[in-house]
Amino acid sequence: MPPLGRLRATLWMSRAMSLGVLEPRPPGKRWLVVGLGNPGLPGTRHSVGLAVLGQLAQRLGVADGWARDRHCAADLALAALGDAQLILLRPRRLMNANGRSVARAGNAEAAGGHRAPDTP
């Protein structure tokens, strides 16, 4: 039997979902989508996140629009999905250090720091 805290969290989540509390974000929001993996090791289980992000970028038509962000040590691409803007983040660090790239990108996004890759 799961611990009581986990059981309560599971019940809260199911209630919230059934009541519609956890709805998608309002229109016009920005979403940070990260593909975790080890750069330079394609085709391995450790790079599945990078492969999925690459497929998503291709389907959104931004596969050729990656720009290097030195602050985050990652490649970024911006894409529109409906009325939301997606910030696609492809870290250039090894898997164990991807969290630093994600944290820096999240902090930059909170400060409004990400612009379209082709803008100065």
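Any read-out appearing in this document is the output of simple, stated calculations on the displayed coordinates, not a laboratory observation. This is a predicted model, so every value here is computed, not measured. A quick note on method: Cβ atoms are made from the backbone with ideal geometry, for glycine too, and the neighbour counts reach across all protein chains shown.
Each other residue within a Cβ distance under 12 Å of Arg70 adds +1 if Lys or Arg and -1 if Asp or Glu, for a net charge of +1.
Give me the net charge for the shell around Pro42: Cβ to Cβ below 15 angstrom, other residues only, Lys and Arg +1, Asp and Glu -1. In short, +2.
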